[in-house]
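A.B. asks: Okay, handing you the structure first.
The values are calculated or read from the model by the stated rules, or taken from the named source; none is laboratory data. All values derive from a computational prediction rather than experimental measurement. We place every Cβ from the backbone using ideal geometry, glycine too, and count neighbours over all the protein chains shown. Remember, those area values only see protein heavy atoms, side chains included, never the ligands or the DNA or RNA. Shrake-Rupley method; radii C 1.70, N 1.55, O 1.52, S 1.80 Å.
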Amino acid sequence: MSRTKRCVVGINLGHDGGAAVITDTVMVAIGEERLNRTRYSPGFEASLLYCLRAAGLQLSDVDLVAVSGIGHTPPTRAEAGLAHLGIDESRIVPVDHHLSHAYTAYCLSPYEEATVLVVDGGGNNNDTETYYRATPHGIERLGGNPPTRPRAAGIGATYEAFTNWLGWHEQEAGKTMALASYGDADRYHAPLFDVVDATVHGRLTRTHAPGIAELAERTGFDFGPCDSRGEHELGKHAAAYVQDQTERALCALAEQTIAATGLGNLCFAGGVALNCVAADKIRRLDAVTGYFAPPAASDRGQALGCALYAWHRLTGDLPRRPLTSDYFGRDYTDKEIEQALNRDPRSGLVERRRTPFRWRRESDIATTAAQMIADGKIIGWFQGGSELGPRALGARSILADPRTTASSDALNRRIKHRESFRPFAPAVLADHASTWFDLDVASPFMLLAPPVRPDHTDKIAGVVHVDGTARVQTVDPAAAPLYSALIERFHQLTGVPVVLNTSFNDREPIVETPAHALATLQACDLDAACIGEYLVERS
């Protein structure tokens, strides 16, 4: 690479560690967990090497490295741990955790001017909620929670605490969101949050499960036994309570921050932005003229936010790169795919269960896959570069027939081994989205959960949640031509322009390489996998 070209790197040192590389023409990013196969993993070295190789670069080509993490303050240059890689401290710049989220939210959005709202479990300086005014001239912080207010009183920390109480890791808040639809929020008659002058004041005084135990003792509320994991009625009510209170607080906070900035376009980031039920309510507020959340809204997007910040620091220009897809990973060649299929050690294949399989190359893999799904098969779908965010969007997906609950039941029982109350998502052709769902905007990143149209509910029973909503992905042919072709063919076969989509994994991080895909196919009860143009079937 010529040194006349510019290159920056972003690194996240916290949980969900990872790296990103940005040049004038390239944006590549990946989480460390996709490579080391450990969920929520910290670290960055494997992902940094991955990104540099994908961009055709070496460390000596990098102009600036921006680094973020969690903790009381941003990491220092020395704490970045880059000295052993030969990166001089003069090339390292620390980034505030929430500011990194803000760069991801604004720079990837379609808006020239916007209110940026960041809400998560906690960043630096005790931040849990912050808001910014963003224009092409810069991103200016206007306010947030007082640093003296306990982190436990924040929206994200409160949701994490209830999630812990229910028996799950704090990063598994999606389970709490799913369970909430089975409970009664009105069982508890006290607010969890006050939102005054765009500042959140929550009721919890301690984080994690002990905070809920203390709240129950103080209020007399019975949230059921700790670690009930959705199997106790009171736990369902507790989930409904925290979800309802979170939605109310976020809507109030969005309205008040927009009033403070005077800008109706809202860009939302931080882990709480992944709460698609709340997001669908926020974007419908009268005060919100436009809504955007990045697909990697949580700390999975920190490295990318850092890289965007580094680009701003290096060039003086605030980067504006509106997203059309979340495919930040690299492509794999036919040679690399065949290495895995032939069990070549260079593929990195680790066979957790050695299951016989057969494979062949298909002339029209999308048509083949659509026919298999229409016939009731459950298949892995591995195409192009991987998604950066936590939701599979047609690059590393498992696909099935959405028309009945048979597919979703089989997925939970045989393949994903998930809780039965968790719904699966529909991927719908963009041109048909408003006909099948109460949705008047694009939802390409599966970050909204609108109601399903009543006249179509029975036609896609496998992807409708108990409350009548669905976490929709709208699929545009321009952004995902092969994925779109598959759904279009399924539409021709069945009359339904929707497929059931979930992530290509089984209790592990989403697959990244062809070898990961093949190992997962062998280890679980998938019927087949489409890896590039290759159809792989269990024998």
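A.B. asks: Do we find a residue being assigned to a loop (DSSP other than H, G, I, E, B) and of a type in the set (Asp, Glu) anywhere in segment 27-36?
C.D. replies: Here is the first cut: in segment 27-36, the ones assigned to a loop (DSSP other than H, G, I, E, B) are 32.
Keeping just the survivors that are of a type in the set (Asp, Glu) gives 32.
Yes, segment 27-36 contains a residue that is assigned to a loop (DSSP other than H, G, I, E, B) and of a type in the set (Asp, Glu).
So that you can scan it fast, the table gives a plain yes or no per residue for (1) under 14 Å from the mean Cα position of the chain (by Cα); (2) within 25 Å of residue 448 (Cβ to Cβ):
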{"position": "290", "(1), (2)": "no, yes"}
{"position": "295", "(1), (2)": "yes, yes"}
{"position": "305", "(1), (2)": "no, yes"}
{"position": "329", "(1), (2)": "no, yes"}
{"position": "334", "(1), (2)": "no, no"}
{"position": "340", "(1), (2)": "no, no"}
{"position": "343", "(1), (2)": "no, no"}
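Yes/no per residue for (1) basic (Lys, Arg); (2) more than 16 Å from residue 501 (Cα to Cα):
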{"position": "403", "(1), (2)": "yes, no"}
{"position": "415", "(1), (2)": "no, no"}
{"position": "439", "(1), (2)": "no, yes"}
{"position": "442", "(1), (2)": "no, yes"}
{"position": "461", "(1), (2)": "no, no"}
{"position": "472", "(1), (2)": "no, no"}
{"position": "478", "(1), (2)": "no, yes"}
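A.B. asks: Quick one: count up the residues across segment 24-46 that are basic (Lys, Arg) and either surrounded by fewer than 22 Cβ atoms within 10 Å (Cβ to Cβ) or modelled with pLDDT under 95 (or both).
C.D. replies: Looking only at that region, the number is 2.
A.B. asks: Name every residue in segment 488-539 that is part of a loop (DSSP other than H, G, I, E, B) and of a type in the set (A, V, I, L, M, F, W, C), in order of residue number.
C.D. replies: Those that are part of a loop (DSSP other than H, G, I, E, B) and of a type in the set (A, V, I, L, M, F, W, C): 496, 504, 510, 511, 524, 526.
A.B. asks: Shifting gears a bit: Given the condition at pLDDT 95 or above, closer than 30 Å to residue 211 by Cβ and out of contact with any Cys (no Cβ under 9 Å at 6 or more places or on another chain), answer yes or no: does some residue in segment 108-117 qualify?
C.D. replies: For segment 108-117, residues at pLDDT 95 or above, closer than 30 Å to residue 211 by Cβ and out of contact with any Cys (no Cβ under 9 Å at 6 or more places or on another chain): absent.
A.B. asks: Something else now. What tally of residues in segment 216-228 results from selecting those that are under 30 Å from the mean Cα position of the chain (by Cα) and open to solvent by less than 50 Å² (accessible area, probe 1.4 Å)?
C.D. replies: Residues that pass the stated criteria total 3.
A.B. asks: Select from segment 324-371 the residues that are among the polar types (S, T, N, Q), under 23 Å from residue 51 (Cα atoms) and assigned to a loop (DSSP other than H, G, I, E, B) and list them in ascending order.
C.D. replies: 324, 325, 333
Matching residues to (1) under 30 Å from residue 430 (Cβ atoms); (2) touching a residue at least 24 places away in the same chain (Cβ under 8 Å); (3) among the hydrophobic types (A, V, I, L, M, F, W, C):
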site: 318; (1), (2), (3): yes, yes, yes
site: 325; (1), (2), (3): yes, yes, no
site: 344; (1), (2), (3): no, no, no
site: 368; (1), (2), (3): yes, yes, no
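A.B. asks: Sticking with this structure for a sec: Quick check on my filter: what residues within segment 47-80 are under 30 Å from residue 151 (Cβ atoms) and crowded, with 16+ Cβ neighbours inside 10 Å?
C.D. replies: Passing the criteria: 47, 48, 65, 66, 67, 68, 69, 70, 74, 75, 77, 80.
A.B. asks: Being free of Cβ contacts under 8 Å to residues at least 40 places away in the same chain and open to solvent by 10 Å² or more (accessible area, probe 1.4 Å) narrows it down to one residue among 189, 169; which is it? Quick ask: steps written out before the conclusion?
C.D. replies: Working: 169 fails: free of Cβ contacts under 8 Å to residues at least 40 places away in the same chain.
Just a single option satisfies the conditions, and that option is 189.
A.B. asks: List every residue pair whose Cβ atoms lie under 7 Å apart, where the two residues are 6 or more positions apart in sequence or sit on different chains, the first residue falls within segment 346-357 and is within 8 Å of residue 519 (Cβ to Cβ), and the second residue, located anywhere, is of a type outside the set (Gly, Ala, Ser) and open to solvent by 50 Å² or more (accessible area, probe 1.4 Å).
C.D. replies: 349/343
A.B. asks: Taking into account only those residues within segment 447-477 that are open to solvent by 30 Å² or more (accessible area, probe 1.4 Å) and part of a helix (DSSP H, G or I), which is nearest to residue 388 (Cα to Cα)?
C.D. replies: It comes out as 461.
A.B. asks: Under 6 Å by Cβ, and 6 or more places apart or on different chains, what pairs join a residue from segment 460-475 that is closer than 15 Å to residue 180 by Cβ and among the charged types (D, E, K, R) with one that is crowded, with 24+ Cβ neighbours inside 10 Å and modelled with pLDDT under 95?
C.D. replies: none
A.B. asks: Would you mind telling me which numbered condition in (1) surrounded by 18 or more Cβ atoms within 10 Å (Cβ to Cβ); (2) without any contact (Cβ under 8 Å) to a residue 60 or more places away in the chain residue 21 fails?
C.D. replies: Unmet condition: (2).
A.B. asks: Based on what the data block shows, is residue 391 crowded, with 22+ Cβ neighbours inside 10 Å, assigned to a loop (DSSP other than H, G, I, E, B) and of a type in the set (D, E, K, R)?
C.D. replies: Here the answer is yes, as residue 391 does meet what is asked.
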